[in-house]
Amino acid sequence: MAKTAPNLCFSPLNQNQSRKESFFKPQNSYFIPKPTSKTTLLSPFFSSYTPIQISSPPGNTIDHQLTDYNARIFQFCQLGNLHNAMELLSMSPKSELESKTYCSILQLCADLQSLKDGKKVHSIINSNGVAVDEVLGSKLVSFYVTCGDLKEGRRIFDEMGKKKVFLWNYMLNEYAKVGDFKESIYLFKMMMKKGIEVDSYTFSCILKCLAASGGLKEGDRVHGYLLKLGFGSYNSVVNALITFYFKSKRVESASELFDELIDRDVITWNSMISGYVSNGLAEKGLEVFKVMLYLGIDVDLATIVSVLVGCANSGTLSLGKAVHALAIKACFERKLNFNNTLLDMYSKCGDLDGALRVFEKMGERNVVSWTSMIAGYTRDGQSDGAIRLLQQMEREGVKLDVVAITSVLHACARSGSLENGKDVHDYIKANNMESNLFVCNALMDMYAKCGSMEDANSIFSRMAVKDIISWNTMIGGYSKNCLPNEALKMLAAMLKDLKPDSRTLACILPACASLAALERGKEIHGHILRNGYFSDRHVANALVDLYVKCGVLGLARLLFDMISSKDLVSWTVMVAGYGMHGFANEAIATFNEMRDAGIQPDEVSFISTLHACSHSGLLEEGWRFFYIMRNDYNIEPKLEHYACMVDLLSRTGNLSKAFDFIERMPIAPDATIWGALLCGCRIYHDVKLAERVAERVFELEPENTGYYVLLANIYAEAEKWEEVKRVREKIGRKGLRKNPGCSWIEIKGKVNLFVAGDSSHPQSKKIESLLKKLRRKMRGEGYFPKTKYALINADDVQKEMALCGHSEKLAMAFGLLSLPPSKTIRVTKNLRICGDCHEMAKFMSKETGREIVLRDSNRFHHFKDGYCSCRGFW
């Protein structure tokens with residue numbers, strides 16, 4: 001006869017125990033629980049209830065002789081045994097189940113994130129015809145929302161009749177969590193419409209939503225409404241208001257609320273600190289923190305993090321270190337968020353060693369820690385260090401994110417490390433990250449800044465999706481890499497799909513400037529005015545630079561004066577512009593205006609000023625600014641500054657002093673410095689010194705054709721034809737090629753290009769006829785061709801014919817033939833203008849009464865009434 005199963009009480013299974021460990025199978029084929037150290041067979045929890053018999057297989061059936069299903073289900077829920085609770089629920093008579101039972105099991109489903117079981121409970125509620133009252137409805141809403149089904153939770157919420165304010169607040173908050181602030185605001189308006197009695201939490205939540213969505217007007221109305229209801233003194237509400245006003249960039253309104261609040265808590269102080277910091281007022285935020293300490297307010301982790309961000313943004317390393325010490329005393333050093341912010345502070349304050357010490361001591365690191373450290377190396381221009389960290393991340397199994405990859409690419413771009421950048425590109429390919437838009441944009445930027453536009457274009461052409469940043473990166477890359485035509489073509493292609501933004505315009509204007517494409521620049525200027533982009537300082541500076549480099553200096557100055565908030569770049573562009581055009585006194589006056597305006601000059605602005613002195617031969621002024629730079633501003637001269645001084649000495653005929661100056665330089669001179677002296681030797685026909693200088697230049701840059709050509713020109717002007725032949729043979733043996741002289745002029749938006757000696761232009765016969773006519777008139781007035789600039793060993797007739805074919809003469813003559821008498825003739829040349837063309841241009845301006853503006857590779861020449869603005873200094 002079969003044995004009957006023993007009637008034993010048991011504790012339901014712990015969710016973390018496996019059934020294999022918790023049960024054993026006796027000979028009678030019934031399962032009974034295996035005793036553990038934490039449970040006994042006779043659990044006191046169940047001592048007052050009828051024992052439950054378990055049949056095989058485990059948990060599938062429960063004895064139907066239960067008398068209190070609600071209590072049993074509640075007990076299972078209390079112990080986290082969802083399986084048995086669900087089994088008992090499904091077999092319980094619907095008439096005996098209470099609403100609170102459904103609530104308890106729904107809560108367990110929510111706690112365990114069991115959407116499937118919760119839906120089954122909801123189905124049982126519906127099939128049992130249970131009336132969904134306010135309590136059960138709230139629990140159903142909470143369950144669905146907690147399990148991620150916000151849509152179903154909202155459906156039940158809408159079907160409920162009466163709802164208390166806490167449920168409205170709950171839904172407001174849940175939509176805010178997922179970033180659907182629009183729906184949160186809609187629900188708040190529904191509350192107002194239905195006359196729901198709101199509380200402080202309602203206002204705190206809705207103000208956060210309005211801050212995130214930029215609802216400034218709605219925020220003002222909510223502020224008025226909460227004051228009317230008497231919530232203006234609630235800390236949580238005022239704190240939310242302060243945050244709202246800071247996020248809306250209304251700093252003064254936030255500050256007024258803070259001043260009016262008597263009972264401030266730590267959240268209030270933190271809101272003020274983080275609000276000032278996030279609005280670019282880090283110094284004010286740090287002042288609030290100091291007051292907080294003075295008053296003895298206890299700080300928390302949020303305080304420390306906000307203050308460290310403020311120190312990072314303001315570069316206040318000393319205070320950052322003090323806060324670091326304070327945080328250690330408060331035992332925050334083990335908090336990951338604190339350590340990440342701390343190393344970022346050290347990094348942004350320029351203390352990379354300090355950041356590295358924090359990084360190495362961190363017990364726990366996440367991808368943010370690594371990325372912050374990589375960004376530190378990036379800011380310091382250490383692409384090698386950034387890449388080492390990237391490799392270490394990979395070895396330690398840290399999953400690299402887009403931020404880490406783009407940070408390393410920025411490091412490579414900043415340092416111009418093309419090879420390192422290509423290594424990162426290989427990593428990107430190996431990890432299938434090429435489809436990411438941000439990664440592709442960073443890759444293009446890296447290649448563009450490293451001068452490899454072919455690689456940049458290769459990535460651009462393969463991108464399935466391009467945004468405005470992608471196009472701007474390519475346009476700016478072509479422009480900065482001296483490929484202006486490609487930049488303009490890229491802009492034309494972009495306009496088919498996208499509207500340019502201010503960044504696009506700031507990128508394309510330098511391309512127009514380098515081509516001296518005035519008409520195209522004017523079109524872009526019109527677009528800037530129509531779209532209100534002139535208020536963008538980058539655009540305004542680029543526009544001033546465009547007119548400077550197109551020779552329209554008056555309009556450049558007019559636009560410069562219209563810039564409401566001029567920065568260092570604005571002033572430097574104008575100083576350089578005056579210098580390029582030969583107006584050194586105006587350049588110096590502008591430089592002094594800049595200093596009076598409180599703008600501190602930097603290395604570049606001094607280079608522009610020294611260039612201006614050089615182009616006008618102002619030797620004493622040049623020396624004065626050289627000493628001001630060193631003594632007043634503690635700027636140690638770099639090669640560019642020394643090059644300006646050598647050029648100034650050379651142009652003013654102080655060749656020996658220039659040579660001695662180079663010999664005494666504290667840093668090794670480069671080819672540019674010796675080249676400046678070589679140019680001076682040509683101006684003053686010092687062949688002997690030119691030979692000495694040329695030896696130094698050829699040692700430094702043996703492949704630079706320009707210096708060989710310059711020496712050949714010096715020999716040719718001195719009619720030392722054997723030496724000319726020898727230099728040209730040397731050029732031939734080295735396989736070097738001289739850049740041909742070319743000039744261009746823009747007529748009705750079309751750029752007309754002329755190459756020296758080329759007669760293929762459709763109007764070449766008219767151009768040649770006009771030049772011969774002008775040449776005859778020059779002879780009649782006592783001007784004779786400067787045949788030494790022909791640079792060929794031939795008779796004077798052949799030399800004169802060669803001179804007539806110089807590209808700048810062809811372009812100027814074409815301008816005279818094509819443009820109306822009132823139009824200024826604007827010509828650009830890729831090389832320096834020769835002496836004979838310079839004389840011809842002066843005569844043209846006098847004979848025709850036309851103004852001619854010629855920009856060569858070195859400077860501008862304004863020819864008017866037979867005079868040139870350069871006064872012989874070019």
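I need the full set of residues from region 321-376 which are in a helix (DSSP H, G or I) and among the acidic types (Asp, Glu), in order please. Even if it seems obvious, please write down each step before you answer.
In the first step, residues of region 321-376 are kept if they are in a helix (DSSP H, G or I); the result is 321-329, 336-348, 352-361, 367-376.
Of everything in region 321-376, those that are in a helix (DSSP H, G or I) and among the acidic types (Asp, Glu) turn out to be Asp344, Asp353, Glu360.
Go through the residues of region 468-479 one by one and say whether even a single one is assigned to a loop (DSSP other than H, G, I, E, B), under 25 Å from Asp536 (Cβ atoms) and in contact (Cβ under 8 Å) with a residue 12 or more places away in the chain. If you could, list the steps in order and put the result at the bottom.
Restricting attention to region 468-479, the residues satisfying the condition of being assigned to a loop (DSSP other than H, G, I, E, B) are none.
No - not one qualifying residue is present in region 468-479.
Only helices (runs of 4 or more DSSP H) wholly contained in region 163-243 count here; list those with 1 or more residues that are among the basic types (Lys, Arg) and closer than 23 Å to Val266 by Cβ.
On the way: elements: 165-177, 181-194, 200-213, 216-228.
Ranges flagged: 200-213.
Out of the residues in region 762-794 that are outside any helix (DSSP H, G or I) and within 19 Å of Arg850 (Cβ to Cβ), state the one that is modelled with the highest pLDDT.
Here the answer is Gln763.
Can you tell me which of (1) within 27 Å of Ile683 (Cα to Cα); (2) of a type in the set (Ser, Thr, Tyr); (3) surrounded by fewer than 22 Cβ atoms within 10 Å (Cβ to Cβ) is the one Ser608 doesn't meet?
Failed condition: (3).
Of the conditions (1) modelled with pLDDT under 55; (2) surrounded by 18 or more Cβ atoms within 10 Å (Cβ to Cβ), Val797 clears all except one; give me its number.
Condition not satisfied by Val797: (2).
Kindly indicate whether any position in region 140-159 is more than 43 Å from the chain's Cα centre (by Cα) and of a type in the set (Phe, Trp, Tyr).
Checked against the condition, which is being more than 43 Å from the chain's Cα centre (by Cα) and of a type in the set (Phe, Trp, Tyr), region 140-159 yields at least one hit.
Just a yes or no: is a residue in region 369-377 surrounded by fewer than 22 Cβ atoms within 10 Å (Cβ to Cβ), at pLDDT 85 or above and outside the structural domain of Phe338 (by TED's automatic domain parsing)?
yes
Show me the helices (runs of 4 or more DSSP H) entirely contained within region 481-589 in which 2 or more residues are within 23 Å of the chain's Cα centre (by Cα) and farther than 23 Å from His862 by Cα.
On the way: elements: 484-494, 502-515, 518-530, 537-549, 553-562, 568-580.
It comes to 484-494, 502-515, 537-549, 568-580.
Just the residues that are closer than 23 Å to Leu97 by Cα and surrounded by fewer than 16 Cβ atoms within 10 Å (Cβ to Cβ), please, taken from region 131-158.
Residues satisfying the conditions are Ala131, Asp133, Glu134, Val135.
Are any of the residues in region 609-629 under 27 Å from Arg733 (Cβ atoms), hydroxyl-bearing (Ser, Thr, Tyr) and either touching a Leu at 6+ places or on another chain (Cβ under 8 Å) or at pLDDT 95 or above (or both)?
Of region 609-629, the ones under 27 Å from Arg733 (Cβ atoms) are none.
No, region 609-629 contains no residue that is under 27 Å from Arg733 (Cβ atoms), hydroxyl-bearing (Ser, Thr, Tyr) and either touching a Leu at 6+ places or on another chain (Cβ under 8 Å) or at pLDDT 95 or above (or both).
Mind checking which residues of region 244-271 are modelled with pLDDT of 90 or more and either under 19 Å from Asp199 (Cβ atoms) or in contact with a Cys (Cβ under 8 Å, 6 or more places away or on another chain) (or both)?
Those that are modelled with pLDDT of 90 or more and either under 19 Å from Asp199 (Cβ atoms) or in contact with a Cys (Cβ under 8 Å, 6 or more places away or on another chain) (or both): Phe244, Asp265, Ile267.
Let me confirm something: among Tyr478, Tyr533, Tyr447, which residue is closer than 27 Å to Asp567 by Cα, in contact with an Asp or Glu (Cβ under 7 Å, 6 or more places away or on another chain) and not small (Gly, Ala, Ser)?
On the way: Tyr533 fails: in contact with an Asp or Glu (Cβ under 7 Å, 6 or more places away or on another chain); Tyr447 fails: closer than 27 Å to Asp567 by Cα.
Of Tyr478, Tyr533, Tyr447, the one residue that is closer than 27 Å to Asp567 by Cα, in contact with an Asp or Glu (Cβ under 7 Å, 6 or more places away or on another chain) and not small (Gly, Ala, Ser) is Tyr478.
Which residue out of Glu256, Glu183 is of a type in the set (Asp, Glu), in contact with a helix residue (DSSP H, G or I) (Cβ under 6 Å, 6 or more places away or on another chain), without any contact (Cβ under 8 Å) to a residue 40 or more places away in the chain and outside the structural domain of Ser278 (by TED's automatic domain parsing)? Talk me through it step by step, then tell me what you get.
Numbers: Glu256 fails: in contact with a helix residue (DSSP H, G or I) (Cβ under 6 Å, 6 or more places away or on another chain).
Just a single option satisfies the conditions, and that option is Glu183.
If you go through region 279-298 one residue at a time, do you hit one that is β-branched (Val, Ile, Thr), more than 21 Å from Lys348 (Cβ to Cβ) and out of contact with any helix residue (DSSP H, G or I) (no Cβ under 7 Å at 6 or more places or on another chain)? Can you show your working first?
Going residue by residue through region 279-298, those that are β-branched (Val, Ile, Thr) are 288, 291, 297.
If we keep only those that are more than 21 Å from Lys348 (Cβ to Cβ) too, we end up with 291, 297.
Retained after the next criterion (residues that are out of contact with any helix residue (DSSP H, G or I) (no Cβ under 7 Å at 6 or more places or on another chain)): 291.
The answer is yes, given that some residue of region 279-298 is β-branched (Val, Ile, Thr), more than 21 Å from Lys348 (Cβ to Cβ) and out of contact with any helix residue (DSSP H, G or I) (no Cβ under 7 Å at 6 or more places or on another chain).
Can you find a residue in region 619-641 that is closer than 26 Å to Thr705 by Cβ, over 37 Å from the mean Cα position of the chain (by Cα) and in the same structural domain as Met580 (by TED's automatic domain parsing)?
no
Quick grid of which residues meet (1) in a helix (DSSP H, G or I); (2) more than 24 Å from Ser204 (Cβ to Cβ):
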position	(1), (2)
Tyr245	yes, no
Asp263	no, no
Gly280	no, yes
Val288	yes, no
Leu293	yes, yes
Gly296	no, yes
Leu308	yes, yes
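Which condition does Gly598 not pass, out of (1) assigned to a helix (DSSP H, G or I); (2) over 25 Å from Val646 (Cβ atoms), if it passes all the others?
Of everything listed in (1) assigned to a helix (DSSP H, G or I); (2) over 25 Å from Val646 (Cβ atoms), Gly598 misses just condition (1).
Would you tally the residues in region 648-674 being of a type in the set (Val, Ile, Thr), outside any helix (DSSP H, G or I) and over 37 Å from the mean Cα position of the chain (by Cα)?
Taking region 648-674 as the starting set, the residues that turn out to be of a type in the set (Val, Ile, Thr) are 652, 662, 667, 672-673.
Checking the rest, the ones that are also outside any helix (DSSP H, G or I) come to 652, 667.
Checking the rest, the ones that are also over 37 Å from the mean Cα position of the chain (by Cα) come to 652.
Final tally of qualifying residues: 1.
The values are calculated or read from the model by the stated rules, or taken from the named source; none is laboratory data. Here the structure is a predicted model, which means the values were calculated and not measured. Quick reminder, even Gly has a Cβ in these numbers, built from the backbone with ideal geometry, and neighbours come from all protein chains shown.
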